[in-house]
Amino acid sequence: MTPDKIQFPKEKETMLMTLHCRAIQSQWKEPILHDPWAEDAMQHIDYDIRRNYSALGWRLVGKMGCTVVATRAATFDLLTTQFLADHPHATVLHVGCGMDSRVFRVNPPGDVQWYDVDYPDVVDLRRRLLPDRSSSHLIGASLEDLTWLSQVPRDQPTLLLAEGVLMYLGEAEVKALLTAVAERFPGGQMVFDVVHPMILKSVGSNVGGTGATYRWSLNEPQDIKLLEPKLELIKEYRMHELVGFSRFALPVRTIFRAQEIIPALRRMNRIVVYRYQGAGSDVPGGH
């Protein structure tokens, strides 16, 4: 198949950056994240993240960036698997899914209803490049328009996954999404990554050189209650706790661990896990 000429603006190009990184590290001798679906998809897309780097720059920055992408994705996979082990009849809302093959990597039980949600053009690309899967559904919609939730049954514990997504939304849109899920479903968990306000100020409107804009940040994890009071923190995962952290070079690991001494630097980029319980429900959110 001839590679498609894929061009996405701003934050949508970051989707191709992470896809490319997952594919590259999947080909390593000992990958952090085994992702043959990403490898196959990149065979049909004319996009190369390495064009943004010199050869030296790619060796110094690119490999570390791909390691970050892989450790984050592998940690999301692990947290998803743990939730589904406790809730084998659950619903999963994978919002801003991009070209992520998580549903294939996790391979959830047949009774799990999985919804991959992203812009219609992204969903069209998924249909072309990723295989179909039973009990898996694609929804083409903007996260600013929550009417898509009407397509999702309301009767099962529900896991919301948002990897590399919420920081691109405004605070009002983040609040609307979290509140809609907490009010609509009987209970479950929400897993997403957040950036510190310092990142919001320093990175501005040029994330990864794409021109994409960070719009939302979180300082203390308990601050989420200002947006949705039903959320109860389970855990805040820092860099050294991510799956595959040991794969970073020793100097990089040392820098990350040294940053944890300073509160602001410790929370530059984290994965947070919250539980929620709908009104009148006895569905647990997990541990």
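Data for the structure
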read-out	value
Entries in 63/175; 29/175; 201/225; 63/201; 201/230 that, when Cα-Cα distance is taken, lie over 32 Å	63/175; 29/175
Point-to-point label distance, residue 222-residue 183, nm (Cα→Cβ direction, 7 Å offset)	2.6 nm
R0 of 41 Å, Cβ-Cβ distance residue 111-residue 262: FRET efficiency to nearest 0.05	0.35
Share of carbon and sulfur in the accessible heavy-atom surface of region 59-140 [1.4 Å probe, %]	52 percent
Accessible area in the full protein assembly, largest first, 1.4 Å probe, for 237, 115	237, 115
Inter-site label distance for residue 147 and residue 172 at 7 Å from Cα along Cβ, in nm	1.8 nm
For region 72-231: accessible area per residue (Å², 1.4 Å)	38 Å²
Förster radius 25 Å - calculated FRET efficiency between residue 127 and residue 233, Cβ distance, rounded to 0.05	0.10
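The values are calculated or read from the model by the stated rules, or taken from the named source; none is laboratory data. Bear in mind the structure is a predicted one, so any value in this text is a computation, not a measurement. Note: ideal-geometry Cβ built from the backbone for every residue, glycine included; neighbour counts use all protein chains shown. With ligands, DNA and RNA removed, areas are computed over all heavy atoms of the protein, side chains included. Shrake-Rupley method; radii C 1.70, N 1.55, O 1.52, S 1.80 Å.
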